[in-house]
1. For the stretch 336-361 and the stretch 1-41, what is the centre-to-centre distance using only Cα atoms, to the nearest Å?
2. Rg and Dmax of the stretch 282-408 over Cα atoms: what are they, in angstrom?
3. Working out 0.36 nm times the residue gap between R345 and E324, then minus their Cα-Cα distance, what length gain in nm do you get to one decimal?
4. Of L260, L144, L322, which has the largest mean-square fluctuation in a 10 Å C-alpha GNM of the chain?
5. Once every DSSP H run of n ≥ 4 in the chain is given -39500 (n - 2.57) and the sum is divided by its residues, what mean residue ellipticity at 222 nm do you get, rounded to the nearest 500 deg cm²/dmol?
6. Can you give me the Kirkwood hydrodynamic radius for the stretch 1-102, using every pair of distinct Cα atoms, in Å to one decimal?
7. Longest exposed-loop-site-free stretch of the chain, with GluC sites (Glu not before Pro), DSSP loop and at most 12 other Cβ within 10 Å?
8. Please state, as a whole number in µm²/s, the translational diffusion coefficient that the Stokes-Einstein equation yields for the stretch 275-333 at 25 °C and 0.890 mPa s, with Rh defined as the Kirkwood radius across alpha carbon pairs.
Amino acid sequence: MLSAQENERLTRVGRGTPMGELMRRYWQPVAAVAQLDEHPTLAVRLMGEDLVLYRDTRGGYGLLDRHCPHRRADLCNGVPEERGLRCHYHGWLFDGTGACLHQPFEEIARPEARFKDKIKTTAYPVEAKAGLLWAYLGPAPAPLVPDWDLFGERGYKQIVFSEIPCNWFQGQENSIDPIHFEWLHSNWSAALRGEPGARAPRHLKIAFEEFEWGFVYRRVREDTTEDDDLWTVGRVCLWPNCLYTGKFEWRVPIDDERTLHVAWFNDPVPGAAPFAQPRIPYWRGPITDPATGRLFTSHIMNQDFTAWLGQGTIADRTREHLGESDRGVILLRRRMLEEAAVVARGGDPKAVVRDPAKNVALALPRVRTGRGALVTPPGQPRPMIFHVGQPPEIAEEMQRIWAERSSA
Ligand code: FES
Ligand SMILES: [Fe+2]
């Protein structure tokens, strides 16, 4: 249980709030590279800031205040040029640093005023990595986007975005909550299938430990021992807002009351021949079934979203009752607030990467075998069990690749 004040501190992400300042020390995935192939500007709301993401005609990316500093037109309607984004209303041109490069009429009417030199709009750096566009809203110098080893592994990659109308921290608490696998996923799935008597193997023992990139949690279930990967390797609650289980699930705060869920998958393609995707596809995973108006509950992430939403827009942690199953949640909250205090004192918080020599294929513990592994049937791509709504063309493309590669 937390006080109302502690709950505020843990959940708010606006500029100047403790957690907002902590989260601004890390790159956040905000869009897919492929999204800007479809349209070169995209509205992005990140930690309560309304921004426009764009790609200029030379292929560079920028992230600016969504509203033009002239008279507040929406720069999502802007026109990308070689050097930046031009406002559609009166033609002011901005580059990726927020500098105003051109004010067409001002430069005719009063060039000596050099009015453009007095104008600077909010601008943030953007980087492309692993098919995602990453944004950094913190102070310079920006750290590095972590180069996780999975990003460079051979396989078919896809990205799924879902917008969840609740606070991001409910999602991150779920990243360090092992008992929910037994109930929210296994037992509830059985009940939803009409098998109310079915019972998943119970958890007998859980353990949590912190490491360089977050936390590992280990489990022993009725059907496993301490020799199983569930215990020896464990799973990773990846600092500060991700779950890593051989795929990534980032819980990116749109604002205090909405979360952009970004899931990134890599399915190993059969065979050893080189495999590269010219473009990592993305899709939107819906959360509500339009036919019934109810939340989807058939897929793993949709079950998670249902639990987070059920806790309320911002869970009232003054009314909870934490038990032994919540030791990880307690650890996560404490460490988040401690690292927010580090930032408030002017320090660099946990898991900020600055050394390029070190930032190469950073390894994370990964369950590969045993009970914890998600088994792929031989010769077939793994079905999308995590999100409702995979476009058929992605499933078909995977089937085609797997068929070709398995017979080669
Ligand atoms: S509002 Fe953007 S140039 Fe006038
Ligand atoms: Fe889950």
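1. What the calculation gives is 16 Å, centre to centre.
2. 20.8, 59
3. Values: separation 21, 0.36 × 21 = 7.56 nm, distance 3.27 nm.
Computed gain between R345 and E324 is 4.3 nm.
4. Highest fluctuation of the listed residues: L322.
5. Numbers: 10 runs with 85 residues, N = 408.
Mean residue ellipticity at 222 nm (helix-derived): -5500 deg cm²/dmol.
6. On the way: mean 1/r = 0.0670 Å⁻¹.
Every distinct Cα pair counted, the radius reaches 14.9 Å.
7. 227-408
8. 166 µm²/s
Readers should treat all values here as calculations from the given coordinates under stated rules, not as data from a laboratory. Source: prediction; values computed, not measured. For neighbour counting, all protein chains shown are included, and Cβ atoms are generated from backbone atoms with ideal geometry for every residue, glycine included.
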